[in-house]
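Peer 1: Pasting in a structure now, in structure tokens, and then I'll have a few things to ask.
The values are calculated or read from the model by the stated rules, or taken from the named source; none is laboratory data. A quick note: this is a predicted structure, and the numbers were derived from the prediction, not measured. Cβ placement follows ideal geometry from the backbone for every residue including glycine, while neighbour counts extend to all protein chains displayed.
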Amino acid sequence: MTNRMKLSIACAALAAVLTATSSRALEPGQKIAATLIGVATQKSKGVYGPVGDRSSSGGDVAEGETARAFVAYGVLDDMTFALKDTSAHACGSIPSGERTIDYAASLAKDAAFIWTAEMRALPSPIGKVALEVKWEKWSRVGTGALTQVTGDTRRIEMFEGNRTILDVLSFDPPFTDFSYSNLQIAVEAKIVEDPALAAEKLAYDLWVEHVDAKGQTTRRHIEAVGSQGEAVTVRSEPLRFPVPNVRFADGTGFDAILELTGYLRGRIQTDGSVRIDLQAGRWTGVTRAGEPRRGGIGDGGKKVVTMNPGETVRLTLPVPTGGTGIYLSTDAKGNVPTPVRPDNLFTINNKTYYAGSQDSLILTVNRVR
């Protein structure tokens, strides 16, 4: 998405005042699941296959605690110590009291590469997880002797469930072999659910509201149910607005389109309130009347609010910026005949077209009993 969209908070007409949120993502005693992961693309006889997780290991850590893990990949030629393939070799957590690389090497005695990571949970800002990661890459390629080749210590902040890449290994296997290419070593982090609340479910009632400069209101309704901590994808039906006095070459009219996408992640807190992590993206575009949006321009933002079950909040969005265009000669299949004439391009400036309008998200959440 382009152009970050700031979401301001206001109480809906029938809403109670929002409960104040703290500046920390974790409640006392809550833990982060920190995981070291190997991700690779299959390749066999010159044909690339799907990408997927090939191995992972880690642990659950409270703020200030450290999880240690390793993943090992690759097989060496017995004579030359050249890399033969990058298949998964071994992985595991490092027990307390063991030196990280010594323990990993004892379980991956013949692996071409070993990656280790020490992942310490840090104070996390609302809506994110934070880790300090000390990682190392060790290699036996070329000599057979295990030697550290790279690594560093870094602070990582990311949205829950996201990954950050630590290292990338490219390998082109022989044509006759099945192996992996484009091996990525990543760290993933997400919040561990409280066992007492893990079975809870939340019902989301979301309205997308657009009020134009003349006061006319258009709404779209989205209902969804998600488990405790589950990221629930939401997508509105497009809001369509006929553009006056402009038509395609075949006489068909124009629609300006607003469309919302994103996700909701809710967690019931120990005090009974619900913390909502809302990631919203708004797309604008212009297309033939009645046809789906093809392309467009997007903005987006993230907001975390704490509310009680049954309360309603209104999130007010700023007027869209940027602009989109389409050629008047575009046919019903989206094709543009050549040669393309620049003077045949029709554009909408969002700030001008939507001037005086107001977009809002109106959310109510309830526990599912």
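Peer 1: Quick one: is ALA104 within 20 Å of LYS43 (Cβ to Cβ), small (Gly, Ala, Ser) and surrounded by 17 or more Cβ atoms within 10 Å (Cβ to Cβ)?
Peer 2: No.
Peer 1: Considering only residues of the range 257-281 that are of a type outside the set (Gly, Ala, Ser) and farther than 22 Å from ASP299 by Cα, which is surrounded by the fewest Cβ atoms within 10 Å (Cβ to Cβ)?
Peer 2: ASP271
Peer 1: Still on this structure, I have one more. In the range 316-348, how many are under 14 Å from LEU258 (Cα atoms), aliphatic (A, V, I, L, M) and in contact with a Leu (Cβ under 8 Å, 6 or more places away or on another chain)?
Peer 2: 1
Peer 1: I'd like to check something: does the range 120-129 contain any residue that is farther than 30 Å from THR364 by Cα, touching a residue at least 24 places away in the same chain (Cβ under 8 Å) and in a strand (DSSP E or B)?
Peer 2: Yes, some residue in the range 120-129 is farther than 30 Å from THR364 by Cα, touching a residue at least 24 places away in the same chain (Cβ under 8 Å) and in a strand (DSSP E or B).
Peer 1: The conditions are (1) closer than 27 Å to TYR48 by Cβ; (2) at pLDDT below 95, and PHE159 fails exactly one of them. Which is it?
Peer 2: (1)
Peer 1: Output the residue which, of all residues in the range 298-333 that are over 18 Å from VAL243 (Cα atoms) and of a type in the set (Gly, Ala, Ser), is surrounded by the fewest Cβ atoms within 10 Å (Cβ to Cβ).
Peer 2: Ranking the qualifying residues of the range 298-333, first place goes to GLY310.
Peer 1: Here's a follow-up. Any residue that is in a strand (DSSP E or B), without any contact (Cβ under 8 Å) to a residue 60 or more places away in the chain, surrounded by fewer than 18 Cβ atoms within 10 Å (Cβ to Cβ) and out of contact with any helix residue (DSSP H, G or I) (no Cβ under 7 Å at 6 or more places or on another chain) - is there at least one of those in the range 248-256?
Peer 2: So far as the range 248-256 goes, yes, one or more of its residues are in a strand (DSSP E or B), without any contact (Cβ under 8 Å) to a residue 60 or more places away in the chain, surrounded by fewer than 18 Cβ atoms within 10 Å (Cβ to Cβ) and out of contact with any helix residue (DSSP H, G or I) (no Cβ under 7 Å at 6 or more places or on another chain).
Peer 1: Restricting attention to the range 44-72, and to residues there that are basic (Lys, Arg) and under 30 Å from the mean Cα position of the chain (by Cα), which single residue is nearest to ALA121 (Cα to Cα)?
Peer 2: ARG68
Peer 1: Looking only at the range 334-369, filter to residues that are of a type in the set (Val, Ile, Thr), surrounded by fewer than 13 Cβ atoms within 10 Å (Cβ to Cβ) and farther than 19 Å from ASP212 by Cα; which one of those is modelled with the lowest pLDDT?
Peer 2: Step by step, filter the range 334-369, then rank; the result is VAL340.
Peer 1: Can you list residue pairs whose Cβ atoms sit under 9 Å apart, with the first residue in the range 161-175 being exposed (fewer than 11 other Cβ atoms within 10 Å of the Cβ) and the second being of a type outside the set (A, V, I, L, M, F, W, C) and not in a strand (DSSP E or B)? Count only pairs 6 or more apart in sequence or on different chains.
Peer 2: PHE175/LYS45; PHE175/GLY46
Peer 1: Here's a follow-up. Return the residues of the range 34-56 that are buried (at least 20 other Cβ atoms within 10 Å of the Cβ) and more than 17 Å from PHE171 (Cβ to Cβ); say none if nothing qualifies.
Peer 2: Across the range 34-56, the qualifying residues are ALA34, THR35, LEU36, ILE37.
Peer 1: For the range 73-110, give me the residue count where each residue is in a loop (DSSP other than H, G, I, E, B), over 32 Å from the mean Cα position of the chain (by Cα) and free of Cβ contacts under 8 Å to residues at least 40 places away in the same chain.
Peer 2: Matching residues across the range 73-110 total 11.
Peer 1: Return the only residue of PHE171, PHE178, PHE159 being aromatic (Phe, Trp, Tyr) and under 30 Å from VAL225 (Cα atoms).
Peer 2: When all the criteria are applied, what remains is PHE159.
Peer 1: Applying the selection to the range 165-185, what residues are at pLDDT 90 or above and either touching a Gly at 6+ places or on another chain (Cβ under 8 Å) or not in a strand (DSSP E or B) (or both)?
Peer 2: Selection gives LEU183, GLN184, ILE185.
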